[in-house]
1. Does A264 meet the test of being open to solvent by less than 10 Å² (accessible area, probe 1.4 Å) and either aliphatic (A, V, I, L, M) or in contact (Cβ under 8 Å) with a residue 60 or more places away in the chain (or both)?
2. Got a sec? Which of G162, G119, G131 is open to solvent by less than 60 Å² (accessible area, probe 1.4 Å), assigned to a loop (DSSP other than H, G, I, E, B) and on the phi > 0 side of the Ramachandran plot?
3. Starting from region 328-347, take each residue that is under 14 Å from T3 (Cβ atoms) and list its partners that are among the hydroxyl-bearing types (S, T, Y), counting only C-beta distances under 7 angstrom and pairs at least six apart or across chains.
4. Could you please find all residues in region 165-208 being farther than 26 Å from H294 by Cβ, open to solvent by less than 30 Å² (accessible area, probe 1.4 Å) and in contact with a helix residue (DSSP H, G or I) (Cβ under 6 Å, 6 or more places away or on another chain)?
5. Looking at region 242-260, is at least one residue more than 18 Å from the chain's Cα centre (by Cα) and either in contact (Cβ under 8 Å) with a residue 24 or more places away in the chain or not in a helix (DSSP H, G or I) (or both)?
6. Return the total of residues in region 286-300 being surrounded by 24 or more Cβ atoms within 10 Å (Cβ to Cβ) and either without any contact (Cβ under 8 Å) to a residue 40 or more places away in the chain or within 12 Å of A58 (Cα to Cα) (or both).
7. Among the residues of region 325-347, is any within 30 Å of the chain's Cα centre (by Cα) and either of a type outside the set (D, E) or not in a helix (DSSP H, G or I) (or both)?
8. Which pairs have Cβ atoms under 7 Å, sit 6 or more apart or on different chains, and link a residue in region 7-18 that is in contact (Cβ under 8 Å) with a residue 60 or more places away in the chain to one that is open to solvent by 50 Å² or more (accessible area, probe 1.4 Å)?
Amino acid sequence: LLTWIGWQQLDPARALPITVAVLVISCPCALSLATPAALIAATGRLARLGILVTKGHALETLARITDAVFDKTGTLTEGRPCITAIATFSGNENRARELAGALEATSAHPLAQAFQLPGVAAAQNARLHPGSGISGWINGDEYAIGNPAFIKTFCGSPPPEGIAADWLYLASRQQWLAGFCIADTIRADSTAAVAGLQMHGIASHILSGDQPETVARIAQAIGITDFRAAATPEDKLTHLASLQQSGRIVLMVGDGVNDAPVLATANVSMAMGSGVDVAHAAGDTVLLGNQLAHLPAAVRVARFTRRIIRQNLIWALSYNAIALPLAVGGYVTPWLASLGMAASSLLVVLNAPRITRLEEN
């Protein structure tokens, strides 16, 4: 409007074409395409890595993370545990397996897979004690399986000698029945993922409800020095909050029901594709192929996407800042303004696909 009024005073014949040129140049096409074009390209690139983006802020926050916090079972390990040893204190081994199988049949935790037995009915009125174990009724008697501390509070008799902190124990209200040693395999790409994140300046942590001995062994094997063991869901939230309060931007990676609260609380989260639905719902991204080695590549894509967005925005703003005064001054015709607007938008659109060609390593 100011351009129209000004040129009506200077040269009325040129007022209309100059005003049209100003309108064309000021159209924010390139500016409005700068971010969406890059985000679409980045989302496609991450999909090729097997990473599904489910929340809008995920890419932006992933580019800024300083710490990655991992659950252990089903995340850093395969989540296919097996029983490697059984110690019976009362009754026989087969009965202990049946009771443990009935209790664990009510659980979605990956450790429950080690106790699966065909034809065993699930325990009645089962109750999950997060980070501790499971209790339930079988044939009129109450039983529980879990870590030693939980069983000590459940059972009325003292524990047998030589109780191992990293075993699971089965007990009734009256006596300890059996102990189970559970082993899980470390994911083959866990070490590579941690090393790749470290190269990006990202510190790795483990938050696990398992016993310190087990967690320490896993942490040492994959190169993580900071870990928290025997952590309840509340403990995990507290530790995550302490990292955030110290100014850290945290990525949480997990797969289970116990991980849903911290997945929802983290700055950005990633649920394992093999995890339960509630973890998928809480996560900002889903690692469909369960390949942790793609984590460093995802961070690289996110950071490169942020760089492309900045380039696009700088170009779009610079173009308008230079071309608009020229148009107001009458140095740009409408057809030239149209050409410039199209070229500006085209440059932004062609810059974004560079993300799809970004190498993984």
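The values are calculated or read from the model by the stated rules, or taken from the named source; none is laboratory data. Model, not experiment: these values are computed from the prediction. Here the Cβ is made from the backbone with ideal geometry for all residues, glycine too, and neighbour counts use every protein chain on show. SASA here: full protein model, heavy atoms, side chains in, ligands and nucleic acids out. Shrake-Rupley method; radii C 1.70, N 1.55, O 1.52, S 1.80 Å.
1. No, not satisfied.
2. G131
3. Note: pairs meeting the criteria are V328/T3.
4. Within region 165-208, Y169, L170, A171, L177, A178 qualify.
5. Yes: region 242-260 contains one or more residues that are more than 18 Å from the chain's Cα centre (by Cα) and either in contact (Cβ under 8 Å) with a residue 24 or more places away in the chain or not in a helix (DSSP H, G or I) (or both).
6. The qualifying residues number 1.
7. The answer is no, given that none of the residues of region 325-347 is within 30 Å of the chain's Cα centre (by Cα) and either of a type outside the set (D, E) or not in a helix (DSSP H, G or I) (or both).
8. From residues that are in contact (Cβ under 8 Å) with a residue 60 or more places away in the chain, the pairs are W7/R14; P17/T333.
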